[in-house]
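The values are calculated or read from the model by the stated rules, or taken from the named source; none is laboratory data. Model, not experiment: these values are computed from the prediction. All Cβ positions, even for glycine, are placed from backbone atoms using ideal geometry, and neighbour counts span all protein chains on display. Areas reflect the complete protein model, heavy atoms only, side chains present, ligands, DNA and RNA absent. Shrake-Rupley method; radii C 1.70, N 1.55, O 1.52, S 1.80 Å.
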Amino acid sequence: MVLIKSISGIRGTIGGNIGDSLNPLDLVKFSSAYAKWLTKNKTKKLKIALGRDARISGEMVNNIVAGTLMGCGIDVVDLGLSTTPTVEVAVTQLKLDGGIILTASHNPKQWNALKLLNEKGEFVNAAEGSEILGYAETESFDFVDVDRIGVYSKYETAIDEHIQAVLKLKHVNINAIKAANFSVAVDCVNSTGGISIVPLLKALGVTKIVELYTEPNGLFPHNPEPLPEHLTEISKTVKENKVDVGFVVDPDVDRLAIISEDGSCFGEEYTLVACADYILSKEAGTTVSNLSSSKALQEVTEKYGKKYSASAVGEVNVVTKMKEVNAIIGGEGNGGIILPELHYGRDALVGVALFLSLMAERKQKVSDIRNSFPNYFIAKKKIELSPSIDVDGVLLKIKEIFKEFPIIDIDGVRIDYPNGWVHLRKSNTEPIIRIYAESDSMENAEMLANSVIEKI
């Protein structure tokens, strides 16, 4: 059993003993802490959005969180089965004061979590998250009397409104997509992609859809993280059915993986690269991704004579940097697309619409689009350390050893080599150092990573 409390929310496995799993008591405590943070220094009655993915524990968790928020005097607008980006969009469209998404993202079915949003429909930042954690630890909660209990209501059109907002984006070319007459395969791992991605495709004029696992029953048919080793079935389906493209989303639909017409994986790193290339071909602007994302985005951006910026790892950090440099598109190398024109959050619906527009306008196969970009490979490793080791001291020493190379230290240590980079980050929850390395071949990426591991 696992329970992890961090500045980004609370997550864990369902069931087990108090204190070492995600149980009703912790759900009440953390929901109350969020309510405390949300209502501090506020005199008006607040209203927030609540949505969930389709995992089995969702209804139970939803009932507990909704009731707790009402007990804190907050009105709850329950979107029901939803996606993370849908809840983010709903907060701003409905002019709400915050939101909670009940999802453990790519984690297996026994997990669940609370993702917390502010009044802008964006994830709370580190300082806000720490404050909420503090309230939870000290149990500094305020519950209202019977006359001030929050009101519960359902809102069942949020996904439809999200889809309509995607269709209205200025570079989504619905006419070209319809004319292309694409055939598309989708794998939605039996979560809310089935009630969002499939309707989006139909709204875009796609009539030939091969559906895998689109029933939102929470019974994930395979590991729900959209990595190549988990996508063998859709790869086979795409090839056997001779469809033009395959799309795979995680349970809360904020990550998008793409399958080429030959059944090969496009690469999660290149979801953002392709969408950014399409946007940059339409309008001038800067781009952002995190330090552990592929250098291919930087090269594509500079191809258009524009500037790329890197942020610390984490969606909230990417969003902060995007606002700072006024980026027109950004995201992370895990298939997360952030398009500020709609909202500041990773959104697989936006990714699908932009990628199909790219395919339709350029009249290219998916494999040809992939081959048009620089080819990079990322190796991912980690080193487990004893609890007594000073991890910060190790990272400082690494900076000194590799000082002849350009160093970026806004998030751990990233060393930039002529033929790639290595990024080292310490874990906030365990004594390990995560090591990501990228180069022009997997062999070279492994070699760069191992050279740093040897020094550590």
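DSSP finds beta bridges in the chain, and of those with both partners inside it, around 60 percent are antiparallel. Sparse packing (at most 12 other Cβ atoms within 10 Å of the Cβ) combined with a DSSP loop state is found for none of the chymotrypsin sites (Phe, Trp or Tyr not before Pro) in the range 347-403.
Dividing the mean sequence gap of close Cα pairs (under 8 Å, 6+ apart) by how many residues the range 243-357 holds gives a relative contact order of 29 percent.
Which value, in Å², gives the accessible area per residue of the range 325-398 when a 1.4 Å probe is used on the protein heavy atoms? Before the final figure, lay out each step's value.
Details: 3020 Å² over 74 residues.
Per residue, the range 325-398 has 41 Å² of solvent-accessible surface.
Rolling a 1.4 Å probe across the protein heavy atoms gives the range 28-175 an accessible surface of 42 Å² per residue.
Compute the Cα gyration tensor for the range 126-174, then decide on rounded, prolate or oblate, letting a ≥ b ≥ c be the square roots of its eigenvalues: rounded whenever a/c is under 1.5, prolate when a/b is larger than b/c in the other cases, and oblate in all that remain. In terms of gyration-tensor shape, oblate.
Express the Stokes-Einstein translational diffusion coefficient of the chain in µm² s⁻¹, to the nearest whole number, given a Kirkwood radius over alpha-carbon pairs, 4 °C and a viscosity of 1.567 mPa s. Can you show the working numbers first?
Details: Rh = 22.8 Å.
Calculated translational D: 57 µm²/s.
Sparse packing (at most 15 other Cβ atoms within 10 Å of the Cβ) combined with a DSSP loop state is found for the following trypsin sites (Lys or Arg not before Pro) in the range 1-84: Lys40, Lys42, Lys44, Lys45. The distance separating the Cα centre of the range 343-369 from that of the range 188-224 comes to 17 Å. Think of a 1.4 Å ball rolled over the protein heavy atoms: the range 181-309 then has 33 Å² of accessible area per residue.
Take every Cα-Cα pair in the range 347-456 and report what % of them are more than 22 Å apart.
Percent of Cα pairs beyond 22 Å in the range 347-456: 47.
Solvent-accessible area of the chain (1.4 angstrom probe, protein heavy atoms only): carbon and sulfur portion equals 49 percent. Among the listed pairs Lys295/Lys426; Lys403/Lys455; Lys323/Lys363; Lys242/Lys363; Lys95/Lys306, a Cα-Cα separation exceeding 23 Å is found for Lys323/Lys363; Lys95/Lys306.
Counting only residues at least eight positions apart within a chain, or on another chain, the aspartates and glutamates with an alpha carbon under 20 Å from that of Lys42 are Asp75, Asp97, Glu119, Glu122, Glu128, Glu131, Glu139, Asp142, Asp145, Asp147. Here's how it looks for Lys208: its modeled amide H is under 5 Å from those of Val184, which are all 5 or more places away or on a different chain. Bridgeable lysines around Lys29 (alpha carbons under 17 Å apart, same-chain partners fewer than 8 residues away excluded): Lys5, Lys40, Lys115. Secondary structure note: in the range 26-135, about 35% of the DSSP beta bridges are antiparallel.
In percent, rounded to a whole number, the relative contact order of the chain is 12, using alpha-carbon pairs under 8 Å and six or more apart.
Residue order by solvent-accessible surface for Leu231, Leu396 is Leu396, Leu231, largest first, with ligands and nucleic acids left out and a 1.4 Å probe.
If you take all other residues with their beta carbon under 14 Å from the beta carbon of Ile456, and give Lys and Arg +1 and Asp and Glu -1, the sum is +3.
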